[in-house]
Amino acid sequence: MSKFVNAVALMKLVQSNKIDLDEDINNYLTSWKFSTNENVGNDPITIRQLLSHTAGLSTHGFNGYKTSNKLPSIIEILEGENPANSDKVEQIQQSNKNFKYSGGGTIISQLILSDITNSSYENFVNENIFSPLGMINSFYSIEFAKYPKDVAFGHKGNRKTLNNNYNLYPESAAAGLWTTPTDL
């Protein structure tokens with residue numbers, strides 16, 4: 001569901017003519033640049049490809065973090081640098097040829113949104129999606145203080161709660177949505 005809300009947020013930018021889905025993502029990234037893999041192809045990656053998982057990128061998903069101590073920045077996540085617990089997001093196959101699920105590509109779209117709006121991802125989504133739709137129990141945040149007291153705990157496959165109750169995901173666009181069935 002995080003990725004669906006992310007796509008809606010990016011469509012808000014399309015609607016306001018701030019981005020074009022078919023432009024090179026590097027035209028919108030200001031805090032970091034994506035390097036295509038010339039061994040795979042040198043066609044530019046587009047936002048449409050990021051959203052449809054056809055950019056040929058690595059990094060399927062994310063594990064989250066047990067504590068808010070030393071959470072990685074989005075750029076550290078994209079580069080696979082400490083303290084990130086995921087690999088670098090790289091082009092591993094030619095773009096626009098095949099479906100290749102990539103949570104890493106979704107994180108690039110998160111950075112594009114923040115770079116274009118000069119806003120945090122959390123604030124943009126709250127102001128432009130959740131608030132207008134009356135989704136009062138939905139949020140993205142990596143700050144424990146913002147979590148409601150009655151938030152559901154994460155569970156393992158054996159039905160036991162996680163030792164830390166839930167993981168934090170600075171990879172908000174890919175995995176950080178907190179919501180309720182009513183809000184959805």
- Message: Nearest 500 deg cm²/dmol is fine: what mean residue ellipticity at 222 nm does the chain get from its DSSP H runs of n ≥ 4 alone, each adding -39,500 (n - 2.57), divided by its residue count?
- Response: -7500 deg cm²/dmol
- Query: In region 1-60, with Lys and Arg counted as +1 and Asp and Glu as -1 at Cβ, which of these residues, T30, S58, A7, has the Cα nearest the positive end of the dipole, that is, farthest along it?
  - Reply: A7
- Message: Counting only other residues whose beta carbon sits under 14 Å from that of N85, what net charge do I get with K and R as +1, D and E as -1?
- Response: -2
- Message: Students sometimes get this wrong: rank D87, D43 by accessible area, probe 1.4 Å, all chains present, largest first.
- Response: D87, D43
- Among the aspartates and glutamates, which fall within straight-line cross-link reach of K160, defined as a Cα-Cα distance under 20 Å, with same-chain neighbours fewer than 8 residues apart omitted? D150
- Message: Keeping all protein chains in the complex and leaving out DNA, RNA and ligands, what accessible area do you get for E122 with a 1.4 Å probe, in Å² to the nearest 10?
- Response: 40
- In the neighborhood of N27, defined by Cβ-to-Cβ distances under 13 Å, what is the net charge if each Lys or Arg adds +1 and each Asp or Glu adds -1? -3
- Query: About its Cα centre, what dipole magnitude does the chain give when the only charges are +1 on Lys and Arg Cβ and -1 on Asp and Glu Cβ, stated in debye to the nearest 20?
  - Reply: 760
- Message: Given the whole protein assembly as supplied and a 1.4 Å probe, what does the accessible area of V8 come to in Å², nearest 10?
- Response: 50
- Query: Helix 2-15 sits at what angle to the longest principal axis of the chain, using alpha carbons and giving 0 to 90 degrees rounded to 10?
  - Reply: 50
- Task: Considering only lysines 8 or more places apart in sequence, or on different chains, count the pairs in region 20-99 whose C-alpha atoms sit under 22 Å apart.
- Result: 4
- Taking Cα atoms, the helix 103-117 axis meets the longest principal axis of the chain at an angle in degrees (rounded to 10) of 90
- For the chain, the per residue accessible area (1.4 Å probe, Å²) is 54
- Message: I want to verify a result. In a Gaussian network model of the chain, Cα cutoff 10 Å, which of these has the top mean-square fluctuation: N27, N126, N17?
- Response: N17
- Place +1 on the Cβ of every Lys and Arg and -1 on the Cβ of every Asp and Glu in region 57-184, take the dipole about the Cα centre, and give the residue among Y166, P72, T117 whose Cα lies farthest towards its positive end. Y166
- Top of F99, F153, F62 by mean-square fluctuation, Gaussian network on the chain, Cα under 10 Å: F153
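The values are calculated or read from the model by the stated rules, or taken from the named source; none is laboratory data. The structure presented is a predicted model; accordingly, all values stated were derived computationally and were not measured. Here the Cβ is made from the backbone with ideal geometry for all residues, glycine too, and neighbour counts use every protein chain on show. All accessible areas refer to the heavy atoms of the entire protein, side chains included, with ligands and DNA or RNA removed. Shrake-Rupley method; radii C 1.70, N 1.55, O 1.52, S 1.80 Å.
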